[in-house]
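The values are calculated or read from the model by the stated rules, or taken from the named source; none is laboratory data. Treat the numbers as computed from the prediction; the structure is a model and nothing was measured. Quick reminder, even Gly has a Cβ in these numbers, built from the backbone with ideal geometry, and neighbours come from all protein chains shown. Remember, those area values only see protein heavy atoms, side chains included, never the ligands or the DNA or RNA. Shrake-Rupley method; radii C 1.70, N 1.55, O 1.52, S 1.80 Å.
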Amino acid sequence: MQNENIIKGQGAQRNVINRFDRFTFEPEDEDFELIKTSFTEVFPKTIVNQVKSEDLPMEYSMNPYQGCEHGCSYCFARPTHEYWGYSAGIDFERKIMVKKNAPELLEKFFKKRGYKSAPILMSGNTDCYQPAERKFEITRKLLQVCLDYRHPVNILTKNALVLRDLDILKPMAEQNLVSVSLSIPTINEDLRRKMEPRTSSTNNKLKAIELLSDNNIPVHVMVAPIIPGLNSDEPLNILKTISEAGAQSFGYTLVRLNDTVEPVFVKWIEAQFPDRAQKVLNLIRSMRGGNLGDKRYFERQRGSGNIAEMIHNAFKIGRKKFFDGKEFPKLSTEGFTGTKEQQLRLF
């Protein structure tokens, strides 16, 4: 049973109060569906961020956009929108900030004295191939800079739009400079439409794995997040399907609802799944020590309790059954010199 009053094609059903605001304005209910997506150019001084989290494997990340149109209610990046004066709710999906100067900033970063090349994760916060990328093509320009400088990059996305840039990705892959991680939390298309309403369809994501693999571009899949009571029965089916499509490795995370992600997700699940909303929320609490979120390093990834352990065991079985013998390549940093001109002389 589904609530007929939901805003379709969207994760957040309302704006939530910004933690940093003393006063808030909330439109009338009927106004929410009339809000159009807007794009605002911003001018950051840097585009590459150093990742200091103890339980994350990457050293650097970069995000050409702030906010994300994909509409996933559980997105951990939602609270970052509050630092810009917006809400983690509808604003996060409808008010997108665009960093058009990102390619120039990346070149500047590569030329920094003493910089030693290390793979950069593209989409450490919000999706670099969200719908806005069709219009602005900032991600494409960033990839071209990485190719020019022979710098390695890992791409994380929920969108098959990544295939548009095969003409750049293929020569990068020939030099072992790129990998693509596709986020696939479910292969149930009906559930996918609700969990991530404006991402690529399940079939298009699977086709993307196949086409990328056919072009010798290594593919990793993030099965994330696992939400008990929604997609927690899917790990084995997902791993079998993505392995057959050509994925070389996978990762997964358990859902956690920190800060203002919590009210967004609660409103979403109550709207989309009113018959089991409380059951799902209680199952999440069982993995998070009675809470819906967890910020503790390492523990936030694993969770605890019987439900979490059952999920971990399912992935262990799937790894052994469907990914035994598969190995994900390590990207090369050897070709990077720090100047585009020097790189071009090599051809």
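The set of residues from the range 69-122 being without any contact (Cβ under 8 Å) to a residue 12 or more places away in the chain, farther than 16 Å from N49 by Cβ and of a type in the set (D, E, K, R) comprises E104, R113. Selection of the range 317-341 for residues being under 25 Å from E54 (Cα atoms) and surrounded by 13 or more Cβ atoms within 10 Å (Cβ to Cβ) yields R319, F328, L331, S332, T333.
Candidates are the residues of the range 76-90 that are touching a helix residue (DSSP H, G or I) at 6+ places or on another chain (Cβ under 6 Å) and not aliphatic (A, V, I, L, M); the one that is nearest to N159 (Cα to Cα) is R78. Just one of the listed residues (S61, S73) is modelled with pLDDT of 95 or more, farther than 21 Å from V153 by Cα and open to solvent by less than 50 Å² (accessible area, probe 1.4 Å), and it is S73.
Take the range 292-316 and flag every residue that is open to solvent by 70 Å² or more (accessible area, probe 1.4 Å), out of contact with any strand residue (DSSP E or B) (no Cβ under 9 Å at 6 or more places or on another chain) and either of a type in the set (F, W, Y) or within 16 Å of Y252 (Cβ to Cβ) (or both). Within the range 292-316, Y297, F298, E299, E309, M310, K316 meet the criteria. Kindly provide the set of residues from the range 78-131 that are among the aliphatic types (A, V, I, L, M), touching a Leu at 6+ places or on another chain (Cβ under 8 Å) and open to solvent by 10 Å² or more (accessible area, probe 1.4 Å), ordered by number. Scanning the range 78-131 gives a single hit, L121. The single condition among (1) open to solvent by 10 Å² or more (accessible area, probe 1.4 Å); (2) outside any helix (DSSP H, G or I) that L182 does not meet is (1).
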